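Visitor: Supplied in structure tokens, the structure appears directly below.
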Amino acid sequence: MFTNNQRQEERTGKHGTPRLQYLQELVSQFQNATDEETKERIVANLANFAYDPYNYTILRQLNVLELFVDCITEPNEKLVEFGIGGICNACAEPKNVATIVEADGIPLIIKSLSSPVRNTVNYALGALYYMCDYNRATREEILRPEVVDLIERYAAAESVSVSFSNLAKAFLDKHVHANT
């Protein structure tokens, strides 16, 4: 459920931790974490906050979107999954897309399409779906022939994964076939 100032105030109460402070604490915990499981838990938690427009400004202020991009460069598949999940959750907002583009996230998201983790692929498809609408340069970077070819293969792979197929078909219908 999306939050607004009134709902946030009701949920935190008089003695609760304000959202900015709570998210800052999570970022600090991530930066100080030494074990992978703790990092995974924190990034998953941050990704859950990325779906709500109420948090978008805070996430940009705390550089959480860049943290998500950094996570998808890690060898740890869970960090990749949760990082790309956070990116996907935040991509409906053009300012968030701008931040991700500036952090050179598009090539990393495209690379995530080849992940062995199904959720990672789904999140990458969803992120690219929204990012194509950002601007012409972003669209051209995403709609390179090799990327479209891979997405077309996912669209045809209904017997392997209905979710890949459906997301890929929606992507192609909106961004490729609509322009032909």
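The values are calculated or read from the model by the stated rules, or taken from the named source; none is laboratory data. Source: prediction; values computed, not measured. A quick note on method: Cβ atoms are made from the backbone with ideal geometry, for glycine too, and the neighbour counts reach across all protein chains shown. The area values use the complete protein model at the heavy-atom level, side chains included, leaving out ligands, DNA and RNA. Shrake-Rupley method; radii C 1.70, N 1.55, O 1.52, S 1.80 Å.
Visitor: Could you check segment 131-180 and list, in sequence order, the residues that are among the basic types (Lys, Arg) and over 23 Å from Glu93 (Cβ atoms)?
Guide: Selection gives Arg144, Arg153, Lys169.
Visitor: Follow-up. Going through segment 121-131 one residue at a time, which ones are buried (at least 24 other Cβ atoms within 10 Å of the Cβ) and either aromatic (Phe, Trp, Tyr) or within 16 Å of Asn76 (Cβ to Cβ) (or both)?
Guide: Tyr123
A quick yes/no check of all residues on (1) aliphatic (A, V, I, L, M); (2) more than 13 Å from the chain's Cα centre (by Cα); (3) open to solvent by less than 30 Å² (accessible area, probe 1.4 Å):
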| position | (1), (2), (3) |
| --- | --- |
| Val27 | yes, yes, yes |
| Glu37 | no, yes, no |
| Ile58 | yes, yes, yes |
| Phe68 | no, no, yes |
| Cys71 | no, no, yes |
| Ala90 | yes, no, yes |
| Glu93 | no, no, no |
| Asn96 | no, no, yes |
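Visitor: Let me ask something additional. Considering only segment 136-180, state which residues are free of Cβ contacts under 8 Å to residues at least 12 places away in the same chain and open to solvent by less than 60 Å² (accessible area, probe 1.4 Å).
Guide: Ala157, Ser165
Visitor: To continue, here is another question. I want to confirm something. Restricting to segment 19-35 and keeping residues that are part of a helix (DSSP H, G or I) and without any contact (Cβ under 8 Å) to a residue 12 or more places away in the chain, which single residue is farthest from Tyr54 (Cα to Cα)?
Guide: Among those that are part of a helix (DSSP H, G or I) and without any contact (Cβ under 8 Å) to a residue 12 or more places away in the chain, it is Asn32.
Visitor: Any residue at all in segment 97-111 that is of a type in the set (S, T, N, Q) and assigned to a helix (DSSP H, G or I)?
Guide: So in segment 97-111, the residues of a type in the set (S, T, N, Q) come out as 99.
Filter once more, so that each one left must be assigned to a helix (DSSP H, G or I): 99.
There is at least one residue in segment 97-111 that is of a type in the set (S, T, N, Q) and assigned to a helix (DSSP H, G or I).
Visitor: Now for a separate question. Considering only residues that are open to solvent by 10 Å² or more (accessible area, probe 1.4 Å) and either free of Cβ contacts under 8 Å to residues at least 24 places away in the same chain or not hydroxyl-bearing (Ser, Thr, Tyr) (or both), which ones fall in segment 99-120?
Guide: Val101, Glu102, Ala103, Asp104, Pro107, Leu108, Ile110, Lys111, Pro116, Val117, Arg118, Asn119
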